[in-house]
Structures are given as C-alpha cells and as structure tokens.
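Below is one structure, written out as structure tokens; comments come after it.
The values are calculated or read from the model by the stated rules, or taken from the named source; none is laboratory data. The structure displayed is predicted, hence computed values, not measured ones. When we count neighbours, we look across all protein chains shown, and the Cβ atoms used for this are built from the backbone with ideal geometry, even at glycine.
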Amino acid sequence: MTNLSQGSTSDQAGAPIRILGISGSLRRASFNTGLLRAARDIAPAGVELKIYDIREIPFYDGDVEAEGDPASVVALKSEIQSADAVIFATPEYNCGTSGVLKNAIDWASRDRSEGSLMGKPAAIIGAGGRAGTARAHMQIHETLAETGALVMVKPGLQVQAFSPPQFDAEGNLIDEKTRELLAKHVEALVTWTRLIARPMEYVRYACEMDTAAAVT
Ligand SMILES: Cc1cc2nc3c(=O)[nH]c(=O)nc-3n(C[C@H](O)[C@H](O)[C@H](O)COP(=O)(O)O)c2cc1C
C-alpha cells in the first residue's frame, strides 16, 4: 500500500480518496459552499469529501502564532494533513479571492511538514458574477503556487451563478449541466490525485528548503 499523503490511509488500489473542501464564502446561502455540497453529494464511490468551515479562523497575526496556533488553525492544518487533495471554492470579490480564504491559506502555509499543502494535489472552483470567478482563480492560483500545492489547472470550473440562476435561495446547486461539469471535475481531481501520489522525496526536500529559507 502506498500512502497518497502523510497521515492518510488512502492508497492507489482503491481505498478512499479524502478530499477537503474549503469555501471562501461565509454566507449562509453561499453559492460556493453550495458547489462543495454538490461535489460531496455527487462524488464517486470511494471518494469522501469533507467541508471545513473557516469562519473561526482569526486574522493571521505573527504574535498570535508565536503563542501557539488557535484551535481553528490547528484543526485546519490537521484536516489538510489528513486529506489526499483539497478543493478551494472561491467567490470573486473585486476581481480577487475573498479575504477569509486568502487568510486561511496564509495560516495553512505556515505548516511545512510532510502532509501540508506542499506537494498536495489541489483544485480551484468558483461561482460568481459574469467572469465566473476567473480573476479570483488567477489570484488564488498564484498564492497556492507559493504554498507548493500542485493545482490541477485543467479542466477548470468557473460558474456564472446568476444568469440563468444556477443556485436556489439556500445556495443549493440546481443546474443539471453545471452539476455534470462538477462531477467531471471531481473525477478529474481524483485522477490527478492518484497520478501525483505525492512525490515524497520532492516534498521532503521542498519542506526542508522552504523552512530553511522561511521568514519568521
Ligand atoms: C464585496 C463584493 C465584491 C464583489 N466583486 C465581484 C467581482 O469582482 N466579480 C464577480 O463576478 N462578482 C463579484 N461579487 C459578487 C459575488 O461574486 C457574489 O456575491 C457571489 O454570490 C459571492 O459568492 P457566495 O455566493 O459564495 O457568497 C462581489 C460581491 C461582493 C460582496
């Protein structure tokens, strides 16, 4: 059995793939959280998608970090450690990702141990206005590149949420075509995750180098 990620029991022969879903919107009826719920519902057999709520994560503050990670940050890092892959669902706010999502990634990036974002398969999806969050995607992609996450760029999933309406008043995905695209996207991420299977030699090297060069 080959572990796909440190701390995970998944393997390439068909054991469950664990995907962590993180929504960049805190809104109760968020379309982006709705996308993740739909992804969880349609995930193929053998794929577990868990949604982690980032609302408790405080603003990144080096002084707070120096005193020890807050519980919500410990939980975030631990969820990432136990996941084989991470899906980030980003809204688009003023042509960028949301502050809360960037902040959560900043905290997560401070973990440079082997199960962290370094070398971890990831995907970005999003639902928003006319640009379908394309500009937020670009921004978060740059940020994730710096964390060492291995982002699956194609296929992309950028949902134009409003016209025609893709979500109901509770933020549930109601458009069948988008649901099909989302299902294909999750399947592609599972394939990506199995193919990458975390190159541990690289991850160890990159973690060591990054820690050595890290700003405090
Ligand atoms: C402060 C703010 C800025 C926004 N800027 C953009 C934008 O640049 N592009 C866009 O497509 N939508 C923009 N929107 C609309 C959001 O994409 C839309 O509200 C979306 O539903 C938010 O995601 P959520 O449903 O997951 O909360 C903005 C919304 C807010 C509140």
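What residue, of Asp53, Asp61, is within 16 Å of the ligand (Cβ to nearest atom) and acidic (Asp, Glu)?
On the way: Asp61 fails: within 16 Å of the ligand (Cβ to nearest atom).
Result: Asp53 is the single residue among Asp53, Asp61 that is within 16 Å of the ligand (Cβ to nearest atom) and acidic (Asp, Glu).
Considered as a group, the residues in the range 91-147 that are free of Cβ contacts under 8 Å to residues at least 12 places away in the same chain and more than 8 Å from the ligand (Cβ to nearest atom) include one that is nearest to Val64 (Cα to Cα), and that residue is Gly99. Screening Lys102, Lys154 for residues that are loosely packed, with under 15 Cβ neighbours inside 10 Å and either of a type outside the set (Val, Ile, Thr) or assigned to a loop (DSSP other than H, G, I, E, B) (or both) leaves exactly one candidate, Lys154.
If you filter the range 157-210 down to residues that are within 16 Å of the ligand (Cβ to nearest atom), among the hydrophobic types (A, V, I, L, M, F, W, C) and outside any helix (DSSP H, G or I), you find that the one that is nearest to Pro121 (Cα to Cα) is Leu157.
For Ser23, the criteria (1) touching a helix residue (DSSP H, G or I) at 6+ places or on another chain (Cβ under 9 Å); (2) more than 10 Å from the ligand (Cβ to nearest atom); (3) at pLDDT 95 or above hold in every case but one, which is (2).
Is it the case, given these coordinates, that Arg110 is part of a loop (DSSP other than H, G, I, E, B), of a type outside the set (Gly, Ala, Ser) and closer than 28 Å to Pro165 by Cα? Quick ask: steps written out before the conclusion?
Working: part of a loop (DSSP other than H, G, I, E, B): yes; of a type outside the set (Gly, Ala, Ser): yes; closer than 28 Å to Pro165 by Cα: no.
No.
Exactly one condition in (1) surrounded by fewer than 17 Cβ atoms within 10 Å (Cβ to Cβ); (2) within 11 Å of the chain's Cα centre (by Cα) is false for Lys120; which is it? (1) is the only condition that Lys120 fails.
Pairs linking a residue in the range 162-189 that is at pLDDT below 95 to a residue that is surrounded by 15 or more Cβ atoms within 10 Å (Cβ to Cβ) and assigned to a loop (DSSP other than H, G, I, E, B), with Cβ atoms under 8 Å and 6 or more positions apart or on different chains, are Pro164/Asp175.
Counting the residues of the range 35-59 that are crowded, with 17+ Cβ neighbours inside 10 Å and of a type outside the set (A, V, I, L, M) gives 3.
Scanning the range 53-81 for residues that are among the basic types (Lys, Arg) and in a helix (DSSP H, G or I) yields a single hit, Lys77.
Taking the criterion of being of a type in the set (D, E, K, R), without any contact (Cβ under 8 Å) to a residue 24 or more places away in the chain and either part of a loop (DSSP other than H, G, I, E, B) or in contact with a Cys (Cβ under 9 Å, 6 or more places away or on another chain) (or both), no residue of the range 23-52 qualifies. Would you call Glu146 assigned to a helix (DSSP H, G or I), modelled with pLDDT of 95 or more, closer than 22 Å to Leu49 by Cα and among the charged types (D, E, K, R)? For Glu146, the condition - assigned to a helix (DSSP H, G or I), modelled with pLDDT of 95 or more, closer than 22 Å to Leu49 by Cα and among the charged types (D, E, K, R) - is not met.
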